[in-house]
Amino acid sequence: MSVFRKWTHKIRLWLGHTYTNGRSVPYKQEQGSALVMVMFVVLILTVLGLAVLSATVGGAKRTETRENDVQSLHLAQKSLDETVAYITAQLDQKQNIDPISLNTDILSITQQIQNQINAGVKTSTDLQVSGAGQSQSKLMSIVYKGPEKGATAQLTRYALTLTAQANVNGVVRTLVQEVNIDTFPEFLSYALGSEHNLILNGAPNIIGNIYAGDGLMTSHTARYTYKAASHTKATQYPHLNGDAYVQSLEAIQEEKVSNQYTPINMDPTLANDSLGRVLGISLEQVNIKNKKKFVQVNLDQTFIDKIAEAVSVNRNDIQTMYINTGQNPAQLMTDVAKRYGIKQLTLPTKPATPVRPAIGAPSTEWDQYNAAVAAMQSYEEQMAKLKVTLATLDQSVLFNGDLELDGVTFNQLNYAQKAGKWFLLNGNLTIDNYQKNSIQIRANMLTAGNVNIQGEADLDATIYVMKKPSNPADYTTVLQDATIKGLNGKEVVLMSKGGILLNRIEAFSSTPTTIKGFFYTEAAADLYGVGSVFWLDGGFFAKGDLTVNAVVGDAVGGASDIEVNPSSNVGSRFRVTYNEGVYADQQAGLPRIQQVNVRVGKLELK
């Protein structure tokens with residue numbers, strides 16, 4: 001018998017079989033075989049059980065470690081949140097922020113927090129993890145980098161770095177977060193916005209963030225007036241390439257019945273579809289911002305600040321004078337000039353055009369003629385001198401009366417260095433330029449009258465239009481057929497107590513004309529991109545309702561209505577593109593704010 005057959009025989013004997021004539025035959029006596037089988041099965045199950053138990057114990061351990069990790073991160077973030085809340089609460093107590101003294105305030109707050117760190121103050125929680133006692137975290141450090149200065153000496157941005165650490169059952173996690181504090185007017189953070197309702201009728205194209213202090217209303221119907229009659233035009237919904245800042249998800253509404261808005265469906269499974277349809281965004285692009293945290297602009301207080309800066313006196317004195325005038329900007333300018341002797345400019349009075357006497361006229365007529373010629377020569381010399389003065393300004397001045405820049409008589413208003421210097425205009429400002437060359441303005445301006453701009457102008461300016469309209473619906477600022485480009489790549493920031501009208505008479509052209517600037521009005525405002533093409537490189541913000549009406553495609557004026565061809569290659573006839581460079585470009589002239597912005601950066605795990 002071969003070795004193989006011997007071993008086969010032994011195995012079969014072990015299994016309870018015999019091998020006869022080449023066939024496997026069970027033994028007739030099988031006592032004990034069942035016991036062996038049971039023991040074998042028990043062995044297998046024991047091995048499997050131990051494997052499962054080991055995996056369970058290991059999984060529980062990993063779960064516990066993961067829980068500790070999550071809890072430690074949560075506690076570290078809690079310490080950071082509490083610190084930011086403390087900083088915000090301290091700064092919220094300060095109204096009408098003075099940017100210069102803000103540095104001292106932040107140093108004081110930083111020292112208070114550092115004292116708490118030195119005292120070992122910890123953040124506790126009632127979380128019980130795997131039988132452990134209270135888990136704790138603490139702020140490890142606060143580093144104040146100091147004020148960051150822009151193009152001028154004005155302080156505007158302040159940066160803090162916070163580091164927090166938490167320990168849960170030996171799992172230690174450290175988080176770092178940067179906190180930025182600034183004195184920028186918040187309206188400059190948005191492409192479009194309103195402290196009340198932002199109403200988007202039709203298809204404006206918005207590249208940047210938007211803000212609605214009350215409701216964000218959307219519609220696919222544009223409203224406009226044509227030939228003295230009101231019209232509507234069905235088109236697309238607005239398209240937003242940015243974030244929407246609203247008071248709640250219910251604040252985002254759409255028009256389903258004429259002039260009746262209802263909240264869009266924000267069910268978790270439908271929210272993205274609803275937002276995509278009415279704004280072209282997802283739920284991730286919607287941010288809830290309490291309107292109480294909105295940093296408002298105070299134009300009257302800012303006006304006092306800038307006048308005080310112009311004449312280098314204590315602002316409290318100017319504030320008292322402003323109150324005594326009944327808050328009359330024109331009267332304040334006059335009173336300040338009398339008391340503090342600011343340099344004054346006045347447009348000379350143009351004399352009558354000399355009329356040459358006839359031959360043989362009396363000598364008295366020739367004397368009058370010669371006097372008239374001399375008066376005209378003197379006037380022209382004064383005008384030439386004034387033109388040079390306006391083009392080479394180097395100090396704050398007060399201009400009495402209306403000022404018109406027409407590209408011929410006057411074509412420049414220029415400060416080589418405009419920080420801290422103000423052009424006070426006690427009258428109306430008119431830019432009416434249809435010359436080849438643009439009018440150039442590089443200045444910070446306070447205007448007591450109206451502002452009217454037509455034609456081409458290159459601006460690097462901050463302009464306050466302080467005239468209060470007798471009728472809230474009246475416009476104190478009108479830009480009609482205006483093309484505003486930035487001077488040296490910069491822009492205009494124009495803030496108006498009254499309404500702002502941006503209008504184009506030359507409608508129906510599909511060639512866009514861009515206005516570069518930021519506009520703010522304390523009134524309500526309406527903007528249109530229906531018959532005309534309106535492109536804004538900057539932003540527009542209204543304290544009242546802001547309504548935008550726009551369509552997509554070519555537009556042609558018909559007999560009774562505007563005909564729109566949406567299938568053309570022309571996109572939205574209203575486009576606004578946010579320009580963040582305004583902070584650095586115009587910070588010296590930006591307005592006084594009532595509270596500071598506290599912005600937190602992303603969390604960083606160390």
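Observations on the model:
- Entries of LYS256/LYS602; LYS256/LYS485; LYS293/LYS338; LYS468/LYS516; LYS227/LYS490 with Cα pairs more than 29 Å apart: LYS256/LYS602; LYS256/LYS485; LYS293/LYS338; LYS227/LYS490
- Taking all Cα pairs closer than 8 Å and separated by 6 or more residues, the relative contact order of the chain comes to 14 percent.
- Calculated FRET efficiency for the pair THR262/GLU178, C-beta based, R₀ 60 Å, to 0.05: 0.90
- Relative contact order computed over region 433-577 (Cα-Cα under 8 Å; 6+ residues apart), in percent: 17
- Counting DSSP beta bridges with both ends in the chain, the antiparallel % (nearest 5): 35
- Here the Kirkwood formula puts the hydrodynamic radius of the chain at 30.0 Å, using every distinct Cα pair.
- Distance histogram in 10 Å bins (all Cα pairs of region 208-293, percent per bin): 17, 47, 27, 8, 1
- Here the gap between ALA419 and MET37, fully extended at 0.36 nm per residue and compared with their Cα-Cα distance, gives a gain of 127.8 nm.
- Dividing the C-alpha radius of gyration of region 155-202 by 2.2 N^0.38 Å, with N its residue count, gives 2.03.
- Neighbour-count ranking [beta-carbon atoms within 10 angstrom, fewest first] of TRP422, TRP535: TRP535, TRP422
- Helix 329-340 axis versus longest C-alpha principal axis of the chain: approximately 70°, rounded to the nearest ten.
- Note on LEU45 and ILE505: their simple-model spin labels are 10.0 nm apart, each label 7 Å out from Cα toward Cβ.
- Those aspartates and glutamates that a straight Cα-Cα span of less than 19 Å connects to LYS543, excepting residues fewer than 8 apart in one chain: GLU186, GLU195, ASP214, ASP300, ASP474, GLU522, ASP526
- Efficiency of FRET between ASP300 and ALA361 - r from beta-carbon atoms, R0 60 angstrom, step 0.05: 0.50
- With distances taken between every two different alpha-carbon atoms, region 543-606 has a Kirkwood hydrodynamic radius of 17.2 Å.
- Whole-angstrom gap from region 395-452 to region 316-356, using each part's C-alpha centre: 16
- Computed about its Cα centre, the charge dipole of the chain is approximately 2900 debye, with only Lys, Arg, Asp and Glu carrying charge at their Cβ.
- The alpha-carbon atoms of region 416-531 define a convex hull whose volume equals 110 cubic angstrom per residue.
- Full extension of the chain between ALA229 and TYR86 gives 45.9 nm of extra length, using 0.36 nm per residue less the Cα-Cα distance.
- Of the residues PHE574, PHE40, the one with the fewest other Cβ atoms within 10 Å heads the list, and the complete ranking is PHE40, PHE574.
- Remark: spin-label model distance LYS338-VAL373 equals 4.2 nm, labels positioned 7 Å along the Cα→Cβ axis.
- Here SER532, SER230 are placed in order of increasing Cβ neighbour count within 10 Å, fewest first, which gives SER230, SER532.
- Compared with the dominant Cα axis of the chain, that is its longest principal axis, helix 299-311 is turned about 60°.
Computed from the coordinates by the stated procedures, all read-outs in this text should not be read as laboratory data. Since the structure is predicted, the reported quantities are computational estimates derived from the model, not experimental observations. We place every Cβ from the backbone using ideal geometry, glycine too, and count neighbours over all the protein chains shown.
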